[in-house]
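A short write-up of the structure that comes next.
The values are calculated or read from the model by the stated rules, or taken from the named source; none is laboratory data. Predicted model only: the values in this text are computed from it and were never measured. So basically every Cβ, Gly included, is an ideal-geometry build from the backbone, and we count neighbours across all protein chains shown. Quick note on the areas: whole protein, heavy atoms, side chains included, nothing else; ligands and nucleic acids left out. Shrake-Rupley method; radii C 1.70, N 1.55, O 1.52, S 1.80 Å.
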Amino acid sequence: MKRVVVGLSGGVDSSVAAYLLQQQGYEVIGLFMKNWHDDSVTISNECPWLEDSNDALLVAEKLGIPFQTVDLSEQYKEKIVDYMFNEYEKGRTPNPDVLCNREIKFDVFMKIALDLGADFVATGHYCRKGEIEVDGKSVYQLLSGADNNKDQSYFLCQLSQEQLSKALFPIGELTKPEVRKIASEMELITAEKRDSQGLCFIGKVRLPEFLQQKLQPKEGLIVQIDKNNPIYSQEVPETDSEEAYLEFKAQSLPYAPEMGKVVGKHQGAHYFTNGQRKGLNVGGTTEPLFVIATDVNTNTIYTGLGSEHPGLFKKALFVEKSEVHWIRQDLALKVGEKMEVMARIRYRQTLQKATLHQFEKGMYVSFEEPQSAITEGQFVSWHIGDELIGSGVIS
C-alpha cells in the first residue's frame with residue numbers, strides 16, 4: 001500500500017482529493033500547513049487558519065485518516081514574505097502562489113512528508129500529471145486540469161521533474177461542481193465552503209496594508225500620459241539582429257513626469273502594479289485611468305486613459321537566463337533556437353500564440369498579438385497543447 005500525504009487546507013478541493021486517494025487504495029495521511037500567525041495584518045478579526053485547520057481536522061476524522069498540523073511559518077516568512085517585500089521594493093510584482101508551490105508545498109512540506117515515509121504528496125490542484133518515456137527514461141508532464149474554468153497548472157509552472165515525480169493531483173480530471181457533489185455526498189464539512197481568497201495560506205490580507213509593515217508610505221505624483229504622446233510612435237531601429245529587434249519590442253518605455261500632466265497623488269509607487277485601475281482615487285476622467293508604469297526610484301506612477309491606451313501594450317517580454325525554467329528539460333532550447341508555443345502572462349489569461357527565442361543572455365517571448373499589462377516579477381508560462389512545459393520570471 002503506497003503512502004500519500006495530502007496537504008489538507010481546510011477547503012473542499014483537498015478534502016475530496018484525500019477521499020479519492022482513499023478510494024484508490026492509498027494509505028492517506030492528512031497534514032495541515034500553518035504558514036502564518038501574525039494576526040495584525042489579516043483584514044478582519046476572524047482567524048482564517050484556525051477555522052481552516054479545524055475544518056481539515058473534521059474532514060480527516062470523517063475519512064478516518066491520521067491528521068497533524070505542521071508549523072511552517074518561519075520558512076514561509078523567509079522564502080515567500082521576505083521575497084515579496086524585496087520584489088515590491090524593487091517595483092516588481094511577485095506571484096506568491098507560484099512561489100509557495102515551488103518553495104513550500106513541494107519543497108519544505110514535501111520533505112516533511114517523505115520523512116513520514118510517504119511515497120507521494122497530493123494537493124487539491126486542478127491539474128493533471130502525465131508520464132512518458134524519453135530515451136528510455138521516465139519524464140513527467142504537467143497537464144492542464146479537465147475543468148477549463150479552474151485549470152491551476154499555471155501555479156505549478158516552477159516545479160521540477162523531481163517534484164512532479166512525487167506529486168499527485170487527484171481532482172485534476174474533475175470539474176469544480178463534480179468535486180462539490182462528491183463532498184456533499186460524503187457529507188464533508190467543506191462541501192459548501194467558499195474558495196479561499198488572498199495569499200496562499202495567509203488568508204484575507206489587504207496587500208497595501210500588508211506591505212506597509214515593511215515599505216513605508218511615501219507621497220508621490222500620479223502622471224497621466226496622453227495616448228498620442230510621441231513616445232508611442234518610436235521608429236523601430238533598422239537592424240539585421242533579431243535580438244536587437246526583440247529587445248526594442250520588450251523594452252520598458254522611458255517615461256518622465258514632464259511628458260504628461262499631474263492628476264493626483266499616491267502613497268507609494270511600490271503599492272501599484274501595471275494594469276491596475278483601482279486605488280488611484282483620481283476622479284473626473286472620461287474613462288478609467290490605468291497604471292501603465294511605475295518608477296520606484298522617482299516614486300512616480302504613470303497612467304493612461306482607458307483599457308486600450310497604447311502604454312498598456314507590448315508585443316514581447318524578456319526572461320533572464322537564470323530565470324528560465326523548463327519542466328520538460330528534454331525540450332529546452334539551445335542558444336539561437338526558437339519554438340512556437342502558446343503562452344500566458346497571468347493566471348486565467350487565455351493562452352496566446354507566441355514564439356520563444358533563446359539567446360546567450362536569456363529568452364525573449366514574442367507574441368502574435370500585443371499583450372496588456374506585462375508585469376515585471378510575474379511569471380510567463382509556455383505550453384504545447386494541454387502541457388505546460390516551462391516558465392520564467394518576467395524581467
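For a 27 Å ceiling on Cα separation, which of these pairs sit above it: Lys2/Lys137; Lys227/Lys315; Lys79/Lys265; Lys34/Lys193; Lys265/Lys315?
Numbers: Lys2/Lys137 22 Å; Lys227/Lys315 17 Å; Lys79/Lys265 33 Å; Lys34/Lys193 19 Å; Lys265/Lys315 30 Å.
Going by Cα-Cα distance, Lys79/Lys265; Lys265/Lys315 fall outside the 27 Å limit.
Give me the Å³ per residue figure for the convex hull around the C-alpha atoms of the chain.
150 Å³
How charged is the neighbourhood of Val236? Take every other residue with its Cβ under 15 Å from the Cβ of Val236, and add Lys/Arg as +1 and Asp/Glu as -1.
Summing Lys and Arg as +1 and Asp and Glu as -1 gives -3.
For the chain, what proportion of DSSP beta bridges, expressed in % and rounded to the nearest 5, is antiparallel?
Around 75 percent of the beta bridges assigned by DSSP in the chain are antiparallel ones.
Using a 1.4 angstrom probe and counting only protein chains, how large is the accessible area of Cys127 in Å², to 10?
Cys127 has an accessible surface of roughly 0 Å² with all protein chains in place.
Using the alpha-carbon atoms, what tilt in degrees (0 to 90, nearest 10) does helix 176-185 show relative to the longest principal axis of the chain?
Taking Cα atoms only, the helix is inclined about 30 degrees.
Count charges around Lys166 for me, please; just the other residues with Cβ under 12 Å from its Cβ, Lys/Arg as +1, Asp/Glu as -1.
Numbers: positive: Lys2, Arg3, Lys105, Lys111, Lys129; negative: Asp107, Asp119, Glu162.
Here the charged neighbours net out to +2.
When only the heavy atoms of the protein chains count and the probe is 1.4 Å, how do Arg328, Arg277 rank by accessible area, highest first?
Details: Arg328 15, Arg277 125 Å².
The ranking, largest first, comes out as Arg277, Arg328.
Give me the accessible area of Phe120, 1.4 Å probe, in Å² rounded to the nearest 10.
So the heavy atoms of Phe120 present about 40 Å² to solvent.
Give me the percent of Cα-Cα pairs in the range 42-157 that sit more than 19 Å apart, rounded to a whole number.
So the portion of pairs separated by more than 19 Å is 65 percent.
Determine the distance separating the Cα centre of the range 163-186 from the Cα centre of the range 327-345; give it in Å without decimals.
30 Å
Sort 223-236, 10-23 for me by packing, meaning the mean count of neighbouring Cβ atoms within 10 Å per residue, highest on top.
With the highest mean Cβ count within 10 Å placed first, the list reads 10-23, 223-236.
Test of the criteria: in the range 289-395, which GluC sites (Glu not before Pro) are in a DSSP loop and have at most 16 other Cβ atoms within 10 angstrom of their Cβ?
Passing sites in the range 289-395 are Glu308, Glu337, Glu360.
Restricting things to alpha carbons, find the Rg to Rh ratio for the range 210-287 using the Kirkwood radius for Rh.
On the Cα set of the range 210-287, Rg over Rh gives 1.07.
Can you give me the accessible area per residue for the range 279-322, using a 1.4 Å probe, in Å²? Intermediate results must be reported in sequence, preceding the final value.
Numbers: 2030 Å² over 44 residues.
Result: 46 Å² per residue.
Would you work out what percent of the accessible area of the range 125-184, with all protein chains in place, is carbon or sulfur (probe 1.4 Å)?
44 percent
Send over a whole-number figure in Å² for the accessible area per residue of the range 1-153, probe 1.4 Å.
Heavy-atom SASA per residue in the range 1-153 reads 43 Å².
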